[in-house]
Amino acid sequence: DTTSPRVTSTSPAANATGVAPSANITATFSEAMMASSINATTFKLFRKGSTTKLSAAVRYDAATRKATLDPTNNLRLGTTYKALVSTGAKDVAGNPLDQTSTTTGLQQKTWLFTVRN
């Protein structure tokens with residue numbers, strides 16, 4: 001296996017609005033992932049425009065190939081967030097995430113969503 005994994009779906013979806021402040025953030029992968037590579041270092045949440053990572057628990061469910069980020073505190077009303085899965089996330093063969101294989105170099109997955117007012 002030399003194919004890099006990618007994120008095939010997210011919740012909330014990219015550019016979603018009206019997200020509940022208590023929402024967890026999920027990323028589903030194209031193939032089975034190395035559970036030890038899915039953690040708070042490789043799956044992060046930020047307020048848009050900030051470089052400060054929000055505190056959250058991260059877990060990976062091998063049966064569904066889904067990573068879940070559970071923020072420690074509720075998300076702020078009316079705030080836009082950026083979720084990120086880094087290239088440090090690896091499949092079971094050790095291939096790093098490459099969200100856009102047609103672009104030179106490994107590409108992380110990022111998406112924005114907005115919590116309801």
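Scattering from the stretch 50-117 was approximated by placing one identical point on each alpha carbon and applying the Debye formula without solvent; log10 I(q)/I(0) at 0.18, 0.23, 0.25 1/Å stands at -0.87, -1.17, -1.25. Each Cα pair under 8 Å and six or more residues apart adds its separation to the average, and for the chain the resulting relative contact order is 35 percent. The coefficient of translational diffusion for the stretch 20-82, derived via Stokes-Einstein from the alpha carbon Kirkwood radius under 4 °C and 1.567 mPa s, stands at 105 µm²/s.
Extension gain for Thr72 to Ser101 (0.36 nm times residue separation, less C-alpha to C-alpha distance): 7.1 nm. For the chain, a Kirkwood hydrodynamic radius built from all Cα pairs, placed in the Stokes-Einstein relation at 37 °C and 0.692 mPa s, yields a translational diffusion coefficient of 231 µm²/s.
Of Lys53, Lys90, the order by accessible heavy-atom surface (1.4 Å probe, DNA, RNA and ligands excluded), from most exposed downward, is Lys53, Lys90. Annotation: per residue accessible area for the chain equals 53 Å², rounded to a whole number [probe 1.4 Å, protein chains only]. Of the solvent-accessible surface of the chain, computed with a 1.4 Å probe over protein heavy atoms with every protein chain present, carbon and sulfur atoms account for 45 percent.
The values are calculated or read from the model by the stated rules, or taken from the named source; none is laboratory data. The model shown is predicted, which means the values in this text are computed figures rather than measured ones. Please note that ligands, DNA and RNA were not included when accessible areas were found on the heavy atoms of the full protein model with its side chains. Shrake-Rupley method; radii C 1.70, N 1.55, O 1.52, S 1.80 Å.
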